[in-house]
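K.L.:
If you scroll down you'll find the structure; I have some questions about it.
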Amino acid sequence: MDKTLSDYLDQVDRRLRPLPAGERADIILEIRSEILELEAAGAAPEEILSRLGEARGLAAAYLGDTISKKPSFSLSRLGAVAAFWGLAGLGGMLVLPLTSVLAVSLLVSGALIPAAGLAKFLASLAGIDLPFIMFQIGGYMAPPATAFKLSVVAGALLLLAGQGLWRLTVRLVRLIGQQHRRLADQ
């Protein structure tokens, strides 16, 4: 394989580092196979690079596809979204960080709030006051049993909002990836 093409594969591989090693290896193998087929058909390295597009754009398309295929939240997916930010352009640099960071924050809060409500309730049953854990709305401070119920409801709402924002993030990644592919095909 030509050194230019080998360097191109290295660039794509570097941009795909947030993906698990197995996924990244499969993608690089797929691109390498495409390059070898084009070389066997007599295409020049410049022609092959022109057909594949910029390494950055190709990596962005693969990252977008990978994120879109599995829309559930995980830390590795969050890493892939972070890598996609840098490749997505100005819109991705503003909107994607906002939606993904807010989604993670809401998911974490949705899990922690009911846990704090439970801790307050159990402590009150044991006769222990935890003044730093409270559920207050305006001037009303809920008693421990009510605070626990309210914290479960609030936590569920935050989890739903976080999941919705994560789905929005995945949809945005899919949309930006499609735009990159359309631009590369032109």
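K.L.:
By per-residue mean of other Cβ atoms within 10 Å, what is the highest-first order of 165-172, 110-117? Can you show the working numbers first?
P.N.:
Values: 165-172: 19.8, 110-117: 17.8.
Result, highest mean Cβ count within 10 Å first: 165-172, 110-117.
K.L.:
Here's another thing I want to ask about it. Counting pairs of alpha carbon atoms under 8 Å apart in space and at least six apart in sequence, what relative contact order in percent does region 90-175 give?
P.N.:
46
K.L.:
Spin-label point model (7 Å from Cα, Cβ direction): what's the Ala44 to Asp7 distance in nm?
P.N.:
1.7
K.L.:
Once both labels are modelled 7 Å past Cα along the beta-carbon direction, what's the Leu98-Glu34 spacing in nm?
P.N.:
Modelled inter-label distance: 3.3 nm.
K.L.:
Can I ask one more? Could you pull out which residues in region 145-178 have an amide N less than 12 Å from a spot 7 Å beyond the Cα of Ala126, following the Cα-Cβ vector?
P.N.:
none
K.L.:
Using a ≥ b ≥ c from the Cα gyration tensor of region 118-159 (square roots of the eigenvalues), is it rounded, prolate or oblate, where a/c under 1.5 gives rounded and otherwise the larger of a/b and b/c decides, a/b for prolate?
P.N.:
Details: a/c = 2.29, a/b = 1.39, b/c = 1.65.
Taking the square roots of the gyration eigenvalues as a ≥ b ≥ c, region 118-159 is oblate.
K.L.:
When the chain is fully extended, how far beyond the present Cα-Cα distance does Asp26 get from Leu168, taking 0.36 nm per residue of separation?
P.N.:
Working: separation 142, 0.36 × 142 = 51.12 nm, distance 2.70 nm.
Taking Asp26 through Leu168 to full extension adds about 48.4 nm, to one decimal.
K.L.:
Between Arg17 and Leu175, how many nm apart are label points set 7 Å from Cα along the C-beta direction?
P.N.:
So the label points at Arg17 and Leu175 sit 3.0 nm apart.
Where a number appears in this text, it was derived from the coordinates with a stated rule and is not lab data. Everything numeric in this text was worked out from a predicted model, so none of it was measured. With ideal geometry, Cβ positions are generated from the backbone for all residues, glycine too; neighbour counts draw on all protein chains shown.
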